[in-house]
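Since the structure comes first, as structure tokens, the remarks are kept for the end.
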Amino acid sequence: MLLTISTTHRPATDLGYLLHKHPDRVQTFALSFGAASVYYPEATADRTTVALALDVDPVGLIRDGNFDRRFTMGQYVSDRPYTATSFLSVAIAQVFGSALNGTCKTRPELAATPIPLTATIDVLPAAGGEGFVRAVFEPLGYAVECRAHPLDAYFPEWGTSRYLSVTLTGTLTLAELLTHLYVLIPVFDGQKHYFVGEAEVEKLLDKGAKWLATHPKRDEITRRYLRHRPTLYTDALTRLDEGRADPADGDADAPVKASEESLETPLRLNDQRYEAVTDLLTASGAKTVLDLGCGEGRLIRRLLRESQFTKVQGVDVSVAALQIASRRLRLDGQSPADRDRVQLIHGALTYRDARFAGFDAAALVEVVEHLDPPRLAALERVVFEFARPRTVVVTTPNRDYNVVWPSLPAGKFRHADHRFEWTRAEFAAWATEVGAAHGYAVAYHGVGPAHAEWGTPTQAAVFTAR
Ligand code: SAH
């Protein structure tokens with residue numbers, strides 16, 4: 001089993017620094033299932049290629065009971081030694097661990113820089129065929145080449161096997177490439193050489209959160225990665241959906257453990273919130289909307305379905321969130337006309353910015369609670385004094401409601417990045433003060449199922465300029 005990675009970044013021999021493996025040496029590593037060697041078939045300033053070769057010991061595998069007990073390939077003849085499977089992922093993590101995590105002491109800036117890379121996986125047991133290989137890698141920005149292997153070299157008339165040699169070419173960081181390979185190689189194979197449990201969900205979210213949430217084959221990748229175990233993949237999918245694996249994205253809601261029912265709930269709180277904000281903005285008569293702290297663009301996507309909104313501009317301080325937003329908005333197959341209605345800009349809400357002026361309305365959806373109080377005061381001036389849209393819709397968690405969620409420990413916030421969560425009285429006190437200071441009338445709304453005593457999980461205020 002062989003994986004090669006080449007670069008034409010100059011000097012290409014820097015690949016050795018990125019991988020912490022010297023181009024002049026052949027190194028071997030003992031792994032639980034066999035051995036891995038790393039060597040460089042070519043190492044020039046123009047082009048350097050590293051090879052990771054796995055020597056899986058099929059006899060040792062069975063003897064050591066390395067397989068999941070349900071593993072039926074109990075004969076000493078198997079494709080494991082020759083094909084790219086979860087063994088390769090383990091080898092990547094063990095042999096190229098720091099590169100996988102994007103750390104490089106000697107060339108930190110290079111580790112963070114997209115460079116031209118080509119990876120060849122020889123041989124991938126491609127369940128789902130070439131179409132699925134393309135559907136998985138192309139949305140991640142790779143040019144994909146597949147070469148089918150004949151079932152038998154001497155009898156071409158037998159046709160091709162399910163094994164493919166796959167070459168991926170793209171410009172990205174080495175850590176991104178390794179992360180994609182680490183997560184996706186096992187997805188093409190029906191077996192995993194270890195038991196698939198909760199830890200696998202964490203691994204998937206840890207390594208996949210940045211790019212899997214918006215991947216068009218997200219569901220299928222997740223299901224296959226977690227070996228079709230429903231309790232695991234519903235948990236993973238729900239968490240990907242809610243962006244909870246990424247602390248920069250703060251729209252986590254019910255901290256209840258995801259279950260299959262929660263996936264089937266027709267409208268989760270997140271969606272209800274976007275619906276409610278869309279309704280409030282529509283009712284305000286606004287045509288142009290500024291989405292402040294737009295995150296991954298979910299509200300924008302919803303707003304674009306209403307023809308009333310002729311221009312929607314999203315602002316966020318997180319470049320990663322904006323990248324997901326731009327992908328999400330394009331992925332959804334927006335027409336070119338829609339694309340002209342949207343703009344995403346990188347900016348901070350705590351600094352006066354001329355680009356925020358001239359909008360009919362602004363939305364601050366689940367954003368204020370991410371700011372420390374002194375910064376919140378700056379945001380108030382930026383929005384209500386300088387940008388001054390006629391309407392401002394603000395939503396934030398209602399802390400009163402937290403007791404309704406049994407799995408949320410008392411005194412804990414719904415999201416690790418929240419600096420505070422307001423009770424209804426605290427929110428009203430803040431809104432009244434802001435309204436009075438800047439000349440806005442305030443009306444309150446609840447979002448989500450109302451509890452007789454504790455109100456709704458999300459609280460909203462609509463500020464209208466007097
Ligand atoms: N409104 C979005 C995202 C809410 S999460 C939604 O409901 O889906 C909060 C967002 O606010 C994050 O994307 C975070 O990056 C952004 N944010 C936090 N502080 C910010 C600041 N000072 N300037 C700009 N964006 C900020």
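The values are calculated or read from the model by the stated rules, or taken from the named source; none is laboratory data. Quantities reported herein were computed from a predicted structural model and do not represent experimental measurements. Here the Cβ positions follow ideal geometry from the backbone for every residue, glycine too, while neighbour counts run over all protein chains shown.
For every residue, the table says whether it meets (1) in the same structural domain as Phe413 (by TED's automatic domain parsing); (2) more than 21 Å from the chain's Cα centre (by Cα); (3) hydrophobic (A, V, I, L, M, F, W, C).
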{"position": "Arg298", "(1), (2), (3)": "yes, no, no"}
{"position": "His346", "(1), (2), (3)": "yes, no, no"}
{"position": "Leu349", "(1), (2), (3)": "yes, yes, yes"}
{"position": "Glu369", "(1), (2), (3)": "yes, yes, no"}
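Residues are listed down the side, and each one gets a yes or a no for (1) in contact (Cβ under 8 Å) with a residue 12 or more places away in the chain; (2) under 21 Å from Ala111 (Cβ atoms); (3) within 33 Å of the chain's Cα centre (by Cα):
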position	(1), (2), (3)
Leu2	yes, no, yes
His9	yes, yes, yes
Leu15	yes, yes, yes
Thr28	no, no, no
Leu31	yes, no, yes
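Within the range 416-443, the residues that satisfy the criterion of being exposed (fewer than 14 other Cβ atoms within 10 Å of the Cβ) and in contact with a Phe, Trp or Tyr (Cβ under 8 Å, 6 or more places away or on another chain) are Ala437, Ala441. If you take the residues in the range 304-328 that are part of a loop (DSSP other than H, G, I, E, B) and more than 10 Å from the ligand (Cβ to nearest atom), which one is surrounded by the most Cβ atoms within 10 Å (Cβ to Cβ)? Among residues in the range 304-328 that are part of a loop (DSSP other than H, G, I, E, B) and more than 10 Å from the ligand (Cβ to nearest atom), the one surrounded by the most Cβ atoms within 10 Å (Cβ to Cβ) is Phe309. Would you confirm whether or not the range 387-405 contains a residue that is more than 18 Å from Ala363 (Cα to Cα), polar (S, T, N, Q) and at pLDDT below 95? Checked the range 387-405: at least one residue is more than 18 Å from Ala363 (Cα to Cα), polar (S, T, N, Q) and at pLDDT below 95. Look at the range 364-385: where a residue is farther than 22 Å from Arg273 by Cα and a partner is more than 12 Å from the ligand (Cβ to nearest atom) and not in a helix (DSSP H, G or I), sitting 6+ places away or on another chain with Cβ atoms under 8 Å, you get Pro373/Phe420; Arg381/Arg352; Val382/Arg352; Phe384/Val392; Phe384/Tyr440; Phe384/Phe463. Among the residues of the range 23-36, those identified as surrounded by 15 or more Cβ atoms within 10 Å (Cβ to Cβ) and at pLDDT 90 or above are Pro23, Ala36.
Number of residues in the range 55-104 that are at pLDDT 90 or above and either assigned to a loop (DSSP other than H, G, I, E, B) or among the β-branched types (Val, Ile, Thr) (or both): the value is 7.
Among the residues of the range 290-300, those identified as within 10 Å of the ligand (Cβ to nearest atom) and either among the charged types (D, E, K, R) or more than 15 Å from Glu275 (Cβ to Cβ) (or both) are Asp291, Leu292, Gly293, Cys294, Gly295, Glu296, Gly297, Arg298. Does Leu344 qualify as being outside any helix (DSSP H, G or I), more than 11 Å from the ligand (Cβ to nearest atom), within 30 Å of Ala135 (Cα to Cα) and not β-branched (Val, Ile, Thr)? The answer is yes for Leu344. Taking the criterion of being near the ligand (Cβ under 9 Å from one of its atoms) and either under 13 Å from Val312 (Cβ atoms) or under 26 Å from the mean Cα position of the chain (by Cα) (or both), the residues of the range 351-367 that qualify are Ala363, Leu364, Val365, Glu366, Val367. Filtering the range 264-303 to residues that are modelled with pLDDT of 90 or more and part of a loop (DSSP other than H, G, I, E, B) leaves Ser284, Gly285, Ala286, Lys287, Gly293, Cys294, Gly295, Glu296, Gly297.
For every residue, the table says whether it meets (1) at pLDDT below 75; (2) crowded, with 21+ Cβ neighbours inside 10 Å; (3) outside any loop (DSSP other than H, G, I, E, B).
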| site | (1), (2), (3) |
| --- | --- |
| Leu178 | no, yes, yes |
| Ile185 | no, yes, yes |
| Phe195 | yes, no, no |
| Glu202 | no, no, yes |
| Pro216 | no, no, no |
| Asp235 | yes, yes, yes |
| Thr238 | yes, no, yes |
